[in-house]
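Heads up: the structure comes next, in C-alpha cells.
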Amino acid sequence: MAAWALLALAPVAAGAILSFASYYGDHMVLQKEPVGAVVWGYGEPGAAVTVALSGDGGLVLMKKMARVKGIRKDKHHPLPEPSGTWMTILDPMDQGGPYTLTARQGSENVTLKDIYFGDVWLCSGQSNMVMTVLQITNASQELAAAAHYPYVRVFAAAPSRSDVELQDLERIDLPWSIPTAENLGHGNFTYFSAVCWLLGRYLYEALRYPVGLVEAAWGGTPIEAWSSPRALQACGLLEDMRSPALSPSISPHQHFSGPQTPSVLWNAMIHPLLNMTLRGIAWYQGEANAFLHTDQYNCTFPELIADWRQAFHVGSAGQTELLLPFGFVQLSTYRRQSPQDSFAQLRWHQTADVGIVPNARIPRTFMAVAMDLCDEHSPYGSIHPRDKQNVAHRLQLGARAVAYGEKNLVFQGPFPTRAVLEVTRALLNVTYSQRLVWRRRDTPAFEVCCYSPVSLCRWMPAPMVAVGSHTVTLALGSCGTLVLALRYAWAEWPCEYQSCALYNTQGLPAPPFLLETLRGSSRAGEMELLLLHPSSLLSWGI
C-alpha cells in the first residue's frame, strides 16, 4: 500500500485467520505478462505465508514467500502500515489457465480455483455504467449470448461509502463469476454493468484471451465523490465541502450528502482496489456534474485520471503502468430542445477543453462519443439511453488503438484542422482530418460567434451549404467577416438517433467542439482563421 494512505482496516484484518483479500476468488482473472499480478490477504502478524500457483494437473509452477505485517512503530513513519496483511507479486504469466492459487500459513491453507491470466479492466462511474444487460436494447439476445463467453469473467463491488480510506472492500455484489444470463441480467441498476460487459466481450473477440472485468460504480454520483482529497485540492476545492458555510463557492442547493459527499466513494470503492494490477479503466460519469460544478470538470476529470493512475501504480508496487489507459464515454443526451448548454459544456470539459483525446492534458485516453445515441422513450428516462452496444463498440475501438497499439485502426470521428474565410462571399470553409459523410443535411449543427458591440459575442447559425470529402462550407449570413469563434453540435440534444450531421466513413460521429478563431495569413478574397484553444471565450461567459 502507498505509504501516504491512512487506512481503515476491514474487520477481517484484525483476525489471524489466513485469507485472501475480499476481491480474490474462484474464477477470477489476474493480469498477465509483461507485468506481475499482485496477490494479497490477511494472516497472523509476523507469520510467513507461502503462495503457490499450480497448473491444472497439480504441478506447482511458482512459489512466493510473504511476511504478514505487524504494526510498525517508527518515529519517522507516524502512520502505521496495515497490520495483519501480506502481499506478493507473481512472476509475469502468459495468457491462459486454468490455475490453482494457494496460500499457506503454518497448517492453514486457502485455495482459489479456476484462475486465468489475461487482461483486467476496471469499470466505474454512475448510473449509465450501472445499467445491466437486462435494461439495454436486444437484452434477451445479449443475455442468451453470455454462455458463449466463459473466459470473460465478471466481478462487482457493492455500492459503499466511507469517510476514511478503506484497505479492503466492505461488501461485494457479485464475486468473480463465469457470465450467465442471471448474473448479467440480475435487475435494474444493480449488477452487472452492460457497458463493462460489452466492452470486455468485444475486447475478448479481438484479443482471443481471457478478460477480467471489475465493476465499481454508483448511480447519481458526482466526480467529487470518486476523487481523492489530493485530486480535489489540486483543483482548488476544499477537502471538506459538506457544509456550504465552509465553502462560499458552493450554494445551498449544491449541498453534498450521502454518496455525493466528496471522496466517500474513492475511500470505499476505489482505494481498496489499489493493490490490483490493471490493464485499463473505463469510465462513464458526468451527468451529475452537468448540474453541479460543471465549470470545474475541466480540472476535476484530468486530475482524477492522473491521481488514479498514480495511486494504482504505487499500490501495485509499479506493476500497473503509470500511464494506465483510461477510456470514457462522452455524455449522451437528456432533454430535447433544452435552452441550457450544461451538457455541451460538460462534453467539452470531458476532453480537457481540447475536443479530442488523447491530448497533452490527458494522454493515453480514449473516448466514445455518444451524443447521437439518444433515447427519448427509454423506460429508465432519456438520460439512460438503451443502446449500450454502440457505446461499447466505440470504447473498444479506442482501447484497441490506445491501450493495445493496434495500428491503422480508426477509433474517433473527424475533427477540424483549419478554417478559411472567403471574405467576398461570406463563406467559411472548415477542413477536417478525415473523409466526411454528410448524414443529415437538415440538422442545424454549426454556429459562429459574431462580434457585436452590445454583447461582444452573438451566436448565430451557420448553415452547411456544401460538404466535400474533407471540407464543410458554412454560410455566415449577416455575420460577415466578424467571426470570433466556431462551435459544432453545441446542444443538450444535438441530433436524432445516429443522425448527427457529420460522420466518418467508419460511421463514427464527429465530436462536438468549441474553437476560438484568430486571423492568420490572407490571400486575395480569403482569410485563414486559426483554430485555437478557447481560453479567452471563457472570460466572455460562452
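With N as its number of residues, segment 318-386 has a Cα radius of gyration that, divided by 2.2 N^0.38 Å, comes to 1.34.
Counted by Cβ distance under 11 Å from Gly355, the other residues give a net charge of +1, where Lys and Arg count +1 and Asp and Glu count -1. Leu514 contributes about 0 Å² of solvent-accessible surface, heavy atoms of the protein only, 1.4 Å probe.
Which label marks the calculated value of volume of the Cα convex hull per residue in Å³, given the options (i) 148; (ii) 215; (iii) 159? Derived directly from the coordinates: (iii). For the pair segment 126-157 and segment 49-65, the centres of their Cα atoms are 33 angstrom apart.
Return the carbon/sulfur percentage of the accessible area of the chain, one whole number, probe 1.4 Å, all protein chains in place.
53
Remark: accessible surface ordering of Arg435, Arg394 (largest first) is Arg435, Arg394, probe radius 1.4 Å. The calculated Kirkwood hydrodynamic radius for segment 338-491 is 17.6 Å, given to one decimal from all distinct C-alpha pairs.
Could you please report the charge total around Val211, scoring K, R as +1 and D, E as -1 over all other residues with beta-carbon less than 9 angstrom from its beta-carbon? Taking every Cβ under 9 Å from that of Val211, the sum is +2.
Between Val423 and Ser140, the contour length at 0.36 nm per residue exceeds the Cα-Cα span by 96.2 nm.
Extending 7 Å from the Cα toward the beta-carbon at both Arg230 and Arg458 defines two label points whose distance is 5.1 nm. Distances between placed amide hydrogens fall under 5 Å for Gly185 paired with Phe192, all partners being 5 or more residues away or on another chain.
Ellipsoid semi-axes for segment 54-186, based on the Cα gyration tensor and the rule √(5λ), read 34, 24, 12 Å when sorted largest first. A simple charge model with +1 on the Cβ of Lys and Arg, -1 on the Cβ of Asp and Glu and nothing else charged puts the dipole of the chain at about 800 debye relative to its Cα centre.
The mean accessible area for residues of the chain, using a 1.4 Å probe and ignoring ligands and nucleic acids, is 38 Å² per residue. Taking the inverse of the mean reciprocal distance over all distinct Cα pairs, the Kirkwood hydrodynamic radius of segment 149-227 comes to 13.7 Å.
Order Lys69, Lys388, most accessible first, counting only protein heavy atoms with a 1.4 angstrom probe.
Values: Lys69 65, Lys388 0 Å².
Solvent-accessible surface, decreasing: Lys69, Lys388.
Membrane-span-like helices in the chain (whole DSSP H runs, Cα extent of at least 18 Å along the helix axis, mean Kyte-Doolittle hydropathy of at least -0.5): 194-207, 297-315. Taking θ as phi - 60° and the Karplus parameters 6.51, -1.76 and 1.60, the scalar couplings of segment 99-110 work out to 10, 10, 10, 10, 10, 10, 9, x, 8, 8, 8, 9 Hz in sequence order, x denoting glycine and proline. Since only Phe366, Leu436, Gln141 are under comparison, the one whose Cα sits farthest along the positive direction of the charge dipole of the chain, derived from C-beta charges on Lys, Arg, Asp and Glu, is Leu436. Computed over protein heavy atoms with a 1.4 angstrom probe, the accessible surface ordering of Arg441, Arg335, Arg161, largest first, is Arg441, Arg161, Arg335. Within a straight-line Cα-Cα reach of under 19 Å, Lys113 can be paired with the following aspartates and glutamates, leaving aside sequence neighbours fewer than 8 residues apart in one chain: Asp26, Asp56, Asp91, Asp94.
Compared with the direct C-alpha span, the chain from Leu61 to Ala360 gains 103.4 nm at full extension, assuming 0.36 nm per residue.
Out of the DSSP beta bridges found with both residues in the chain, what percent are antiparallel (nearest 5)?
So the antiparallel bridges in the chain amount to around 75 percent.
In sequence order, segment 264-278 has phi-based couplings of 5, 8, 4, 4, 9, 10, 10, 3, x, 8, 4, 6, 5, 7, 10 Hz under the Karplus curve 6.51 cos²θ - 1.76 cosθ + 1.60, θ = phi - 60°, and Gly or Pro positions carry x.
The values are calculated or read from the model by the stated rules, or taken from the named source; none is laboratory data. Since this is a predicted model, take the numbers as computed values, not measurements. Every residue, glycine among them, receives a Cβ derived from its backbone with ideal geometry; neighbour counts consider all protein chains shown. Heads up: the accessible areas ignore ligands, DNA and RNA and are worked out on the full protein's heavy atoms, side chains in. Shrake-Rupley method; radii C 1.70, N 1.55, O 1.52, S 1.80 Å.
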